[in-house]
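The values are calculated or read from the model by the stated rules, or taken from the named source; none is laboratory data. If you're wondering where the values come from, they're calculated on a predicted model, not measured in any experiment. All Cβ positions, glycine included, derive from the backbone under ideal geometry; neighbour counts span all protein chains shown.
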Amino acid sequence: MNKIFRLSVFWFVSAIIFSACTKDENKVYFKGGTPPVLTSDNSAPLVLVRDNAAENAVTFSWTNPEYQFNTGVSSQDVTYTLQVDTAGAEFTSPSMQELSISKDLSVTYTVQQLNTILTKLNLQEDIAHQVEFRIQSSLGNNSVKLISNVIGITITPYLDVAVPIPPTGELYITGDATDEGWTNAPSDAQKCEKISNTEYSIVTDFIPGKQYKFLSTLNAWQPQYGIVTATSPTPKTGGDIGYNFGLPGQKDPDAMPTPDAAGTYKVDLNFKTGKYTVTKQ
């Protein structure tokens, strides 16, 4: 009887060990990869000119990171992101640009496309800037990131805007968040301060649960500025400026929601970057 019991225990333990080994052998392990090597076909200083907007400005290429698993080279799709920032910011500035490039190993930007990237970096036009580029590779769910070397290029952008500027040079706030409600003829009390041709701001009192937009032409609902809603819930302290100039195919942007806490706020609209911010005063 004892012999039978000992044999049973032996076979039970052996089965557990075998099962564990089998499961361990079936696991897939990431063994590593090689950071992509980034190159550019043009490292000389670039002066971007509006008249050459459609011409190619620069092409970036990079090597395959060759993601390796214990089962061999990965067959998963690799996603690449070109990161662009000013020199010295080390790709940590709030305005850093990240451009998804899917599975390709190169990308070409026209003069206009490159200028738009620099515009969103909020760089002053007609001045040379040191701009840095690097590529980041990743697998599904943005995992296993590998980062390339950095390429620096001196680039002079021209004046451009992400969102069309108010054609009248004036901007007014309207909506149920204001004292005058929804009207296309707001008074001077609701007129924004013009900081520059591409930036306007206004300081006003807000209470939660209200909405507002901006108009540039009195007694007309277009041009109209609001928010481009990309996420839900709609952000209440800033976002992307949406617009409708009354052209075919355009529709009104969503209204901007007031912050969650009542108080005095400054709304700043930057048409160069296409962003607006709301800060408590």
query: Within segment 115-152, can you find the residues that are charged (D, E, K, R) and at pLDDT below 95?
result: 120, 125, 126, 145
message: So, restricting to strands (runs of 3 or more DSSP E) that lie completely within segment 170-269, which ones have at least 2 residues that are without any contact (Cβ under 8 Å) to a residue 40 or more places away in the chain and either among the aromatic types (Phe, Trp, Tyr) or outside the structural domain of residue 125 (by TED's automatic domain parsing) (or both)?
response: 193-196, 224-227, 238-244
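To keep it simple, each residue is scored yes or no on (1) aliphatic (A, V, I, L, M); (2) within 20 Å of residue 153 (Cα to Cα); (3) surrounded by 15 or more Cβ atoms within 10 Å (Cβ to Cβ).
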site: 37; (1), (2), (3): yes, yes, no
site: 41; (1), (2), (3): no, yes, no
site: 46; (1), (2), (3): yes, yes, yes
site: 58; (1), (2), (3): yes, yes, yes
site: 78; (1), (2), (3): yes, no, yes
- prompt: If you take the residues in segment 219-277 that are surrounded by fewer than 14 Cβ atoms within 10 Å (Cβ to Cβ), at pLDDT below 95 and aliphatic (A, V, I, L, M), which one is nearest to the chain's Cα centre (by Cα)?
  reply: 230
- request: With the condition kept exactly as written, say whether any residue in segment 98-112 is at pLDDT 95 or above, of a type in the set (D, E, K, R) and surrounded by fewer than 17 Cβ atoms within 10 Å (Cβ to Cβ).
  value: yes
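For segment 122-144: of the residues being surrounded by 14 or more Cβ atoms within 10 Å (Cβ to Cβ) and without any contact (Cβ under 8 Å) to a residue 40 or more places away in the chain, which is farthest from the chain's Cα centre (by Cα)? I'd like the intermediate steps shown before the answer.
Initial filter on segment 122-144 (surrounded by 14 or more Cβ atoms within 10 Å (Cβ to Cβ)): 122-123, 125, 129, 131-139, 144.
Applying the additional criterion that residues be without any contact (Cβ under 8 Å) to a residue 40 or more places away in the chain yields 123, 125.
Details: 123: 16, 125: 21 Å.
The residue in question is 125.
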message: Just checking: which of the strands (runs of 3 or more DSSP E) contained wholly in segment 30-121 hold 3 or more residues that are under 21 Å from residue 140 (Cα atoms) and under 22 Å from the mean Cα position of the chain (by Cα)?
response: 79-86, 97-102
